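For reference, the structure discussed in these notes is given below.
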Amino acid sequence: MLHRILIEVGHPAQVHQFRIIAKKLLQNSNQVLFVAKKKEITITLLQIYDLPYEIIDDSKKGIVSKVLHIPKVYLNFYRIVKKFKPNIILSRFSLQSSHIAKLLNIPHIGFTDSEHVKLMDSLTVPFVNYKFTAFSYYKDLGKNHFRYPSNIELFYLHPKWFVPDKSVLEFLGVKEEEKYVILRFVSFDAHHDVGQTGIMFEEKEKLVEALSKYARVFISSEKPLPEVLAKYQIQIPLEKMHDAMAFAYLYVGEGGTMASECAMLGTPNVLINSLAKLCGVHNDLTKNHKVQLYYDTLSEAYQPILDLVKNENTKIEWEKRRQLFLSKMIDASSFIVWVIENYPKSIEILKNNPDYYNNFK
């Protein structure tokens, strides 16, 4: 049975999560439409990957502004849904997808990997028809909660779908055997970042100075960098970022998604974010698979970071751990394509045989 699938994305990383799924669905003659807010990186990625999309609103900064625009977002989303007439909606847990899908009686498949977003969960989970999470997600989401052995980052970084391109080294201006480190600083303006402050400027400067003794340093930042750090700003095409991460010797940053992406790529990574300990995915990658480290503050992480960059075997050791990790994971994108294309029969199969995902190793 062919389907019409509407996919809502609220963050650039969500474009990556769903782009393989969308391409496979389109190749199989299904119809797909992405819905997104006008956030520059998100729209650019949709265009780079040639994915059909419509915009529901401009991206707003700050919690108050976002809340005030909720009615407009709902109305625009409702209009797009009525026009496109999807028979399945796919998204991370979101207000408009969960509520509009429920209102119009459209099956909604939702994903999450963040246990600490309690308010968002309370407003969305009761309305999501089918909830899909990795085994590392420790909360029980009740009826129709399906778990699978993978991570959201493997939807697009599984070896079946991603092979790092060494041409990125030319963009970076580094030699093949030259060490480089990627630092990531975030803005902390998402709804789940309330109360988070991140690494202080003085700490960033000290970290860059220390790492520069052992490797080239490149910075990816959501906010404009001060003059003293601006020269380290990474300058590569947007679609080359995962290639750059794959060949990096080390990642250090406040961004959990990029840290987990590095874990999938075999790149040693240190996440500095006090929310990490609340997320099953980070605990699983750190404690069970040892392909990630996380700390609340830079002061705690400082010496471990230097130990990693100075150790000549760090990258080799982490790649071995990554290979062991991957041997236990499935191709999640192909699994979800199967769920969608065989819906509703696929749901009944999963209820009767929860281990059916093993067919996608």
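Every number in this text was worked out from the coordinates using simple rules, so none of it is lab data. All of these numbers come straight from a predicted model, not from anything done at the bench. FYI the Cβ positions are ideal-geometry reconstructions off the backbone, even for glycines, and counts take in every protein chain you see.
Couple of notes before you dig in:
- Rounded to the nearest 500, the 222 nm mean residue ellipticity of the chain from helices alone is -11500 deg cm²/dmol, with -39,500 (n - 2.57) taken per DSSP H run of at least 4 residues.
- Prolate/oblate/rounded call for the stretch 168-326, Cα gyration tensor, a/c under 1.5 rounded: rounded
- Highest average first, the peptides 90-102, 252-264, 289-301 ordered by how many other beta carbon atoms sit within 10 Å of their residues are 252-264, 90-102, 289-301.
- With contacts taken as Cα pairs under 8 Å and at least 6 residues apart, the stretch 195-309 reaches a relative contact order of 23 percent.
- Neighbour-count order for PHE34, PHE162, fewest beta carbons within 10 angstrom listed first: PHE162, PHE34
- Residues GLU312, GLU319, GLU115, GLU348, arranged from fewest to most other Cβ atoms within 10 angstrom of their Cβ, appear as GLU312, GLU348, GLU319, GLU115.
- Most mobile of ASP57, ASP331, ASP140 in a GNM of the chain (Cα contacts under 10 Å): ASP140
- Eligible lysines near LYS39 by straight Cα distance, threshold 17 Å, same-chain separation 8 or greater: LYS60, LYS61, LYS66, LYS72, LYS223
- Efficiency of FRET from Cβ geometry, LEU68 and LYS118, R₀ 22 Å, rounded to 0.05: 0.50
- Put a dot 7 Å past the Cα of GLN31, heading toward its Cβ, do the same for GLN323, and the two dots end up 4.7 nm apart.
- Option label - Rg and Dmax of the Cα atoms in Å computed here, alternatives (i) 20.3, 59; (ii) 20.1, 63; (iii) 20.1, 67: (i)
- The chain: angle of helix 256-265 to the longest principal axis, Cα-based, in degrees nearest 10: 80 degrees
- In this simple spin-label model, placing a label point 7 Å from the Cα along the Cα-to-Cβ direction at both LYS143 and LYS277 gives a separation of 3.7 nm.
- Lysines whose Cα lies under 20 Å from that of LYS310, excluding same-chain neighbours fewer than 8 positions away: LYS175, LYS179, LYS204, LYS206, LYS213, LYS290, LYS320
- 3J(HN,Hα) along the stretch 167-182: 4, 4, 5, 5, 4, 7, x, 10, 7, 4, 9, 7, 6, 9, 10, 10 Hz, from the Karplus curve 6.51 cos²θ - 1.76 cosθ + 1.60 with θ = phi - 60°, whole Hz, x for Gly and Pro.
- Here is the result for the stretch 1-42: no trypsin sites (Lys or Arg not before Pro) lie in DSSP coil with at most 11 other C-beta atoms within 10 angstrom of their C-beta.
- Here's the list of lysines a cross-link from LYS131 could span, going by alpha-carbon distance under 17 Å and ignoring same-chain residues fewer than 8 apart: LYS102, LYS118, LYS139, LYS143, LYS345, LYS351.
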